[in-house]
Amino acid sequence: MDELVRNLEVEVLAKGWRTLRRNSFDFRRRDGQWQRLTRETYDLGDAAAVLLLDASRDTVILVRQFRFPVYAEGDPPLLIEVCAGLLDDDDPETCARREAEEETGYRVGVLKKLCVAEMCPGSVQHRIHLFLGSYTATDRSGVGGGLVDEGEDIEIIEMPLDEALGLIASGGIVDAKTIMLLLAARDPRYRL
């Protein structure tokens, strides 16, 4: 591939929970001309997300939790989602298993990786490794609910897969990773 970017200059604008950068660079357009661009990027780091699915009962485990950015937009801030979290130096599979147990109290049986998705590639560095994971009622190992010291206050929800899919259509589930995993769970190519 021909060179697409040259003369990259990076300025750190903020470094708190994650890093916000201003990136200035020359971009080679398809016609060969170079154009100077500036883009701000917010680096969230890589994450893993897992939808827990009991195929024998056709049920899923989801979580409901407060999301401040959604609150700030004026929308209902308690979102129904799949389990997810930042890798924190773990590999994606280890992270998916860890987050499922922390958030739901269930141990994951079979874990199947579906894909890696760029969640907002225009401005956010944030890849999510998406998994389907099996569970049964006997796989409950703890209370779940997340980690209080991380500000988590998570409600655990078990429901039929068809009901969860209906919540996508009605606007009750709006989280992108959750929508992708629920739709994949219905596709026989991805079933556990």
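Given the condition over 18 Å from the mean Cα position of the chain (by Cα) and modelled with pLDDT under 95, answer yes or no: does some residue in segment 114-123 qualify? No: segment 114-123 contains no residue that is over 18 Å from the mean Cα position of the chain (by Cα) and modelled with pLDDT under 95.
Scanning segment 176-190 for residues that are free of Cβ contacts under 8 Å to residues at least 12 places away in the same chain and over 12 Å from L114 (Cα atoms) returns I179, P188.
Considering G122, G133, G172, G151, the condition of being on the phi > 0 side of the Ramachandran plot and not charged (D, E, K, R) is satisfied by G151 alone.
Tell me, please, whether a residue that is surrounded by 12 or more Cβ atoms within 10 Å (Cβ to Cβ), touching a Phe, Trp or Tyr at 6+ places or on another chain (Cβ under 7 Å) and over 24 Å from I128 (Cβ atoms) can be found in segment 10-26. Yes: one or more hits.
The values are calculated or read from the model by the stated rules, or taken from the named source; none is laboratory data. This structure is a prediction, so every number in the text was calculated from the model and none was measured. FYI the Cβ positions are ideal-geometry reconstructions off the backbone, even for glycines, and counts take in every protein chain you see.
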